[in-house]
1. Could you work out the local net charge near residue 384, counting Lys and Arg as +1, Asp and Glu as -1, over the other residues with Cβ closer than 12 Å to its Cβ?
2. If r is the Cβ-Cβ distance from residue 337 to residue 193 and R0 is 30 Å, what FRET efficiency results, to the nearest 0.05?
3. Give the long-range amide H neighbours of residue 341: residues separated by 5 or more places, or on another chain, with amide H under 5 Å away, using H modelled in the peptide plane at 1.01 Å from N.
4. Nearest 500 deg cm²/dmol is fine: what mean residue ellipticity at 222 nm does the chain get from its DSSP H runs of n ≥ 4 alone, each adding -39,500 (n - 2.57), divided by its residue count?
5. Rounded to the nearest Å, what's the spacing between the alpha carbon centres of segment 312-368 and segment 47-114? Just the number, please.
6. For the chain, what % of the accessible area comes from carbon and sulfur atoms, probe 1.4 Å?
7. Can you tell me what share of the DSSP beta bridges in the chain is antiparallel? A percent to the nearest 5 is fine.
8. Binning at 5 angstrom from zero up to the longest distance, how are the C-alpha pair distances of segment 290-390 distributed in percent?
Amino acid sequence: MTEKGSDSCLICGQKSLEPLIFIPDVPTLCNRLYASEAEARNAPRGDIRLSYCPDCDHIVNSAFDQARVNYDGRFENTLSFSPRYRQYAEVTADRVINRYGLNGKRIVEIGCGSGDFLRLLCDPGNRGEGYDPSQPNSRSAAGHGSVEIIGRNFAVEDAHGADFVCCRHVLEHLPKPMDLLRRLRESMAIRADAVVFFEVPNGLFTLDRLGIWDIIHEHVSYFTPSSLMRAFHNAGFSVCSADSAFDDQYLWIEARVATQPAAPSALPKRPLDGLYSSFCARFAEKVAEWRRRIDLLKSNRRHVVIWGGGAKGVMFLNLLRVPAGAGIDWVVDINPRKQGHFVPLTGQRIVGPDCLLKDLPDLIIVMNPEYEREVRSMIDDMGIGCRVVST
Ligand SMILES: [Zn+2]
């Protein structure tokens, strides 16, 4: 049986959700590698239908279709090649290591990717186990600790007796996020002092600051601060701390198994009605404005490249409906595993920064403003003096 998107709230169960936006015909998996332009242009397509819950401020993609999403060995979303991202990951790891005294502990990570974050957590002398079906099995030293990567889906029993469970940018991909949280809480109940640390994209950033290139088919959920708190509370956790990070693009939460659930009235909720009701119009305006800019650049024969071949770059090209050959031909990415591959549906080639020296660009569009400074510094070092803007 395959999982389809839900028509009710995945967090609080509210049945009458309000429609937010419908986006047809987008790649079903942005970070999958396509080896040829033809294969990329024929990548699986899906729709996005977002609704929001007036009770808990959660946003749900009811058009999600798990049958079209496969996180296998051709899934690649490592961000650790960016110095800015590495700095963020190091600060985050240091914070939880110090706050929860992580030394000589057993740490489990759900969806660990290549294990870079888990290695940071294990550095002081912890034993890490990371679960991820897109990775091969491996074992390695990590500073004073060790990391084992297990190339399969995490099962809640894996967290039994763990001191610290970490899960970053996974919960929003799950058709039933509350199932994971509730069963994880049960599995961890033997250790009242055990801590969970979760990080997700910030749905409020998408709504409020129009981070619209983060809206992707494979995100079933968009958590806001209110719905993230509600999720952990409803699953029986007691929230230790929660905040936004990375210029508000992410939300994180740290929680323990609750012995006494907090009163629901203690949960914060910010009135978001205005943001929801204006979102569809603001979304369309932003897409149309970029479309005009790209058309103008094309008619002036400007050489424009995108910097960032992750979800944001893929969705920028797909929402603007700019196929390769129609104004933007290259997407630059510093992750060597992405280079030589192609953007799903629109078909642009993903290249390394060195390619820019062969055909100097007039304009670089940086998909994530957080990386603009490092992009400027990199192209300065290469002697490329073109304009750089962020979306
Ligand atoms: Zn809800």
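The values are calculated or read from the model by the stated rules, or taken from the named source; none is laboratory data. From a predicted model like this one, the values you see are computed outputs, not experimental measurements. Neighbour counts are summed over all protein chains in view; Cβ atoms, including those assigned to glycine, are modelled from backbone coordinates with ideal geometry. When the accessible area is computed, the model is the full protein with side chains, heavy atoms only, and any ligands, DNA or RNA have been set aside. Shrake-Rupley method; radii C 1.70, N 1.55, O 1.52, S 1.80 Å.
1. Details: positive: 358, 376, 387; negative: 354, 359, 362, 380, 381.
Its environment carries a net charge of -2.
2. Working: r = 38 Å, r/R0 = 1.28.
Computed FRET efficiency for residue 337 and residue 193: 0.20.
3. Residues meeting the amide H criterion: 350.
4. Numbers: 9 runs with 103 residues, N = 391.
Computed mean residue ellipticity for the chain: -8000 deg cm²/dmol.
5. 24 Å
6. Working: 7920 of 16430 Å².
The value for the chain is 48 percent carbon and sulfur by accessible area.
7. Beta bridges within the chain, antiparallel portion: roughly 50 percent.
8. 2, 14, 27, 27, 21, 8, 1
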